[in-house]
Amino acid sequence: MAGQLKRVAMRRPGALLGADAQRWHYAKPLDPAALAAQYETFAQKVAASGAEIVWLPAADDDLADSVFTYDPSFVFPGGAVILRPGKALRDAEAQLHAAFYEAEGIPVLGTIDAPGTVEGGDCFWLDDSTLAVGRGFRTNQAGIEQLEAIVAPTGIRLAVFDLPYHHGPDICLHLMSVVSPLDVDLALVHPPLMPTALYQRMLAMGYTLLEAPAEEFDASLGLNLNVLATGPRQVIAIEGFAGTLDLMRDAGCDVDTFAADELCIPCEGGPTCLTRPLLRS
């Protein structure tokens, strides 16, 4: 999760610029000009990290959430798995990602089919062969069983953890809403919503868990914790949450920030969500 980011898939915010905030369950109506400017700043910072950005093609579609490329697919050794988002408005993003991988010559290992759902935000690597998966409103048991069967031949095993109800099915609470890896032994966490078994397992694995200020988690709608690692202890984070940023810097992280009050905080997606890592070293 924190290896040097070499190649990453991203998609510019086409439909998002004119999205109906109520229909898409955004916190407020969006300012398209500010949102577009914030996205370009973020993309420039990803490129400046040394990562090659591979752009998913733009199209005249209604896929406002497609800017959050982390969720509709996941890359494993040997290829990608096409996921099935738990948010119904995102269904067509699976086909968008499948076409992208075909165009890029990246093998597809399998696809999550109904009634299964899995979103990338519920998945992160605990180590080289273990994928942590959150079971909740966006990722269900049927999807987890399909994913487990698809990746088993690659030697990958799933470690499944239940997420709390929190604010219910209409709110996006992913596993990565409460855990952001910053290095192989360092992660930013929100313990009040973190599965106890995952907290204990990461400590047993030798992780140092940085507990972000709860008041900043609430003020940011959880997005202070959504941090993109572009390399070991090299991160891009949302500006404005000094306690969280200082916590990472005090742990030896090089932290770059950008304004995201239009792009991320109202839309339930942060820096990690805006990327689909294809290759790390």
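Computed from the coordinates by the stated procedures, all read-outs in this text should not be read as laboratory data. If you're wondering where the values come from, they're calculated on a predicted model, not measured in any experiment. Ideal geometry is used to build each Cβ from the backbone, glycine not excepted, and the neighbour counts take in all protein chains shown.
Of all residues in segment 4-23, none satisfies being polar (S, T, N, Q), in contact with a strand residue (DSSP E or B) (Cβ under 6 Å, 6 or more places away or on another chain), surrounded by fewer than 16 Cβ atoms within 10 Å (Cβ to Cβ) and part of a helix (DSSP H, G or I). At least 1 residues being free of Cβ contacts under 8 Å to residues at least 60 places away in the same chain, more than 29 Å from Q22 (Cα to Cα) and out of contact with any Asp or Glu (no Cβ under 6 Å at 6 or more places or on another chain) is the threshold, and among the strands (runs of 3 or more DSSP E) wholly inside segment 43-130 those reaching it are 52-55, 79-82, 108-111.
D62 falls short on exactly one of the conditions (1) within 20 Å of the chain's Cα centre (by Cα); (2) within 23 Å of T117 (Cβ to Cβ), and that condition is (1). Condition test on R157, is it under 29 Å from I265 (Cα atoms) and basic (K, R)? Spelling it out, it is not the case that R157 is under 29 Å from I265 (Cα atoms) and basic (K, R).
Here's the yes/no breakdown for (1) free of Cβ contacts under 8 Å to residues at least 60 places away in the same chain; (2) closer than 30 Å to R90 by Cα; (3) touching an Asp or Glu at 6+ places or on another chain (Cβ under 8 Å):
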| site | (1), (2), (3) |
| --- | --- |
| P164 | yes, yes, no |
| H167 | yes, yes, no |
| L173 | yes, yes, no |
| D183 | no, no, no |
| A187 | yes, yes, no |
| P191 | yes, yes, yes |
| R201 | no, no, no |
| M205 | no, no, yes |
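Entry remark, segment 24-40: residues being charged (D, E, K, R) and either buried (at least 16 other Cβ atoms within 10 Å of the Cβ) or under 19 Å from the mean Cα position of the chain (by Cα) (or both) number 1 in total. Taken over segment 140-160, the criterion of being under 18 Å from the mean Cα position of the chain (by Cα) and under 12 Å from T130 (Cβ atoms) is satisfied by L158, A159, V160.
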